[in-house]
1. Please enumerate the residues belonging to segment 172-206 that are within 16 Å of the ligand (Cβ to nearest atom), at pLDDT below 95 and exposed (fewer than 15 other Cβ atoms within 10 Å of the Cβ).
2. Name every residue in segment 235-258 that is surrounded by fewer than 17 Cβ atoms within 10 Å (Cβ to Cβ) and within 16 Å of the ligand (Cβ to nearest atom), in order of residue number.
3. Could you count how many residues in segment 140-198 are farther than 22 Å from LYS116 by Cβ and of a type in the set (D, E, K, R)?
4. So GLU90 clears everything in (1) open to solvent by 70 Å² or more (accessible area, probe 1.4 Å); (2) under 19 Å from PHE9 (Cα atoms) except one condition, right? Which one?
5. Exactly one of (1) surrounded by fewer than 19 Cβ atoms within 10 Å (Cβ to Cβ); (2) more than 17 Å from THR268 (Cβ to Cβ); (3) modelled with pLDDT of 95 or more; (4) not acidic (Asp, Glu) is unmet by LYS153. Its number?
6. Here are the criteria: (1) in a helix (DSSP H, G or I); (2) within 16 Å of the ligand (Cβ to nearest atom). Tell me which single one SER232 does not satisfy.
7. Between a residue in segment 182-205 that is more than 21 Å from SER35 (Cα to Cα) and any residue that is part of a helix (DSSP H, G or I) and polar (S, T, N, Q), which pairs come within a Cβ distance under 7 Å, given they are 6 or more apart or on different chains?
8. With the structure loaded, tell me whether LYS138 is out of contact with any helix residue (DSSP H, G or I) (no Cβ under 8 Å at 6 or more places or on another chain), under 22 Å from GLY198 (Cα atoms), open to solvent by 50 Å² or more (accessible area, probe 1.4 Å) and part of a helix (DSSP H, G or I) or whether it fails that test.
Amino acid sequence: MDADLLDAFLEESLLFPKSKLEAFLASYLGLRPASQVTIPAELPYGTEMGQRIDEAVKPHLAKLQAIADPRVRAAAVQAMKKMLEDRFEEIVEGSDAYKSYYRWSEELGLRNNQIKVRPTVHELYIFKEKSTGGWIRKLMADRGNIRKKTQRKPGPNVDPIRFAYPEEFNEKWLLRNGEVLGYPECCVRSYARDRINGVNVEARASRQLVETLKEKEVDTHVYFTGFFFPCSPHCENALSKGHDWADAFTGLDPRLTGLYESILQMNTELVLRQPELIQKYLSQFKKG
Ligand SMILES: [Zn+2]
């Protein structure tokens, strides 16, 4: 990579350092087929953007809940969706942070695919090879079909999480998703098995780490990217990925060595904190 371009990239304040390495450079260097950024949550000022959208629709939401007639209510729900999409366009897609993700993709010769998951939650895939784009599109279409099927016929064991994210309980889909994101197969299999058996993966990963840390230090390279849960803190495949990534980053520029180490540390701490983060997430569902 051109030295001036790399300097400018590393100085960019509108990208999180974590995104620079895990989302952009890992795809650029071919360390993973694609990376995924959740928008706006993972953008700088993403939390504030989400809050601004909530504030803007709050008065309308209260009115919506007061409508008793189901037909009037259904129409109001549609109008609400549209309103959320418009606010997303204005607040998120209009932001400098959002634009910088696209600008840097272009500067680095990377491709994008943005998927609307909900009116105000999008996933941005960043990848290098054209063929990966087709792969992602197929994966997303399959996810849509899995959701449609579950939501049409939920079955007896479908809790709110399984209803909203049924693909998270589908081993075949998870394996393909894991492959696109460059996760080791053993870790994805173990993730899928746990999810299907009702084991909380994030809590399991946190527990494994706590137990291991009681006896010895953990090589943080096993948490080579965020929101990834290795089958164990000693997984050879995840460790080797982490070391490959570290070597490739250092090979690109020695300044990246320390930066990646700090990100690995952050990923490890996030796994440790998972149980408390999950509680926070689940409380949204309880609110209704
Ligand atoms: Zn593994």
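1. Scanning segment 172-206 gives a single hit, VAL199.
2. Once the filter is applied, which keeps residues that are surrounded by fewer than 17 Cβ atoms within 10 Å (Cβ to Cβ) and within 16 Å of the ligand (Cβ to nearest atom), segment 235-258 yields GLU236, ASN237, SER240, HIS243, ASP244.
3. So the answer is 10.
4. Checking GLU90 against (1) open to solvent by 70 Å² or more (accessible area, probe 1.4 Å); (2) under 19 Å from PHE9 (Cα atoms), the one that fails is (2).
5. (3)
6. It is condition (1) that SER232 fails.
7. Here the result reads ALA203/GLN274; ALA205/GLN274, each pair linking segment 182-205 to a residue that is part of a helix (DSSP H, G or I) and polar (S, T, N, Q).
8. Criteria not met by LYS138.
The values are calculated or read from the model by the stated rules, or taken from the named source; none is laboratory data. Please read all numbers here as calculations on a predicted model, not as lab measurements. Ideal geometry is used to build each Cβ from the backbone, glycine not excepted, and the neighbour counts take in all protein chains shown. For accessibility, only protein heavy atoms count, side chains too; no ligands or nucleic acids. Shrake-Rupley method; radii C 1.70, N 1.55, O 1.52, S 1.80 Å.
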